[in-house]
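> The structure that follows is given in the form of structure tokens.
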Amino acid sequence: VTSVMSSNPVSVSQNQPVSAARRLLEEKGIHHLPVTNGDQLVGILTSTDFLRVSFGEFGNQDARSLDAMLDHTYKIADLMNSTPTTISQDQTVRDAAGLLASSTFHSLPVVNGQTLVGIVTSSDLLHYLLEQY
């Protein structure tokens, strides 16, 4: 799986404000954000997690107002999935494809033990497939 994963993925510390995570997703143009405590994976946040709370509870706010409300109302732990499905760096591309194909999520944090070493997304697998054919 190391041949298709993004190494050193953009991540957020569980102690950062929720607005920092929201801005990372927006600024980096990503949809999946591993949450760490040091280098240990403790969860994952997705753009869908933010849509659920930002539009559901706060309506159409400008980014600054939205960030203030999010930071006042939530901690990252409130929004993240604290038990994400992961894949070991020793597993295969086929293993990753099987996990993603049989699920409703589109990313797999890649770990060495509990240490985050990368992330594999459905898009990564599609790019890999294109390179093969």
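The values are calculated or read from the model by the stated rules, or taken from the named source; none is laboratory data. All values derive from a computational prediction rather than experimental measurement. Just so you know, the surface numbers come from the protein's heavy atoms only, side chains and all, with ligands and any DNA or RNA stripped out. Shrake-Rupley method; radii C 1.70, N 1.55, O 1.52, S 1.80 Å.
> Report, in degrees rounded to the nearest 10, the 0 to 90 angle that the Cα long axis of helix 47-58 makes with the longest principal axis of the chain.
Helix 47-58 and the main axis of the chain meet at about 20 degrees.
> Then there's this: Among 68, 77, 96, which one shows the highest mean-square fluctuation when the chain is modelled as a Gaussian network with alpha-carbon springs under 10 Å?
68
> Still on this structure, please answer the following. Round to the nearest 10 and report in Å² the accessible area of residue 50, as given by a 1.4 Å probe over the protein chains' heavy atoms.
Only protein atoms counted, so the area is about 10 Å².
> Still on this structure: Can you tell which of 36, 48, 85 shows the greatest fluctuation in a Gaussian network model of the chain with Cα springs below 10 Å?
Maximum among the listed residues: 48.
> Another question, if that's okay. Which residues' amide hydrogens lie under 5 Å from the amide hydrogen of residue 117, considering only partners 5 or more residues apart or on another chain, with H built in the peptide plane?
110, 111, 112
> Now for a different question. Out of 72, 32, 106, any idea which swings most in a Gaussian network model of the chain, alpha carbons joined below 10 Å?
Highest fluctuation of the listed residues: 72.
> Okay, next question. State the percent of C-alpha pairs, over all pairs in the chain, separated by a distance greater than 25 angstrom.
On the way: 2397 of 8778 pairs.
Roughly 27 percent, once rounded to a whole number.
> If you don't mind, there's one more thing I want to ask. Where the accessible area of the chain is counted over protein heavy atoms with a 1.4 Å probe, how much of it, in %, is carbon and sulfur? Intermediate values should be presented prior to the final figure.
Details: 3740 of 7680 Å².
Summing carbon and sulfur atoms, their accessible area is 49 percent of the total for the chain.
> State in Å² the accessible area per residue of region 1-104; use a 1.4 Å probe, count heavy atoms of protein chains only, and round to the nearest integer.
For region 1-104, the per-residue accessible area is 57 Å².
> Rounded to the nearest 500 deg cm²/dmol, what is the calculated helix-only ellipticity per residue at 222 nm for the chain, with -39500 (n - 2.57) per DSSP H run of length n ≥ 4? Intermediate results must be reported in sequence, preceding the final value.
Values: 6 runs with 58 residues, N = 133.
Value at 222 nm, helices only: -12500 deg cm²/dmol.
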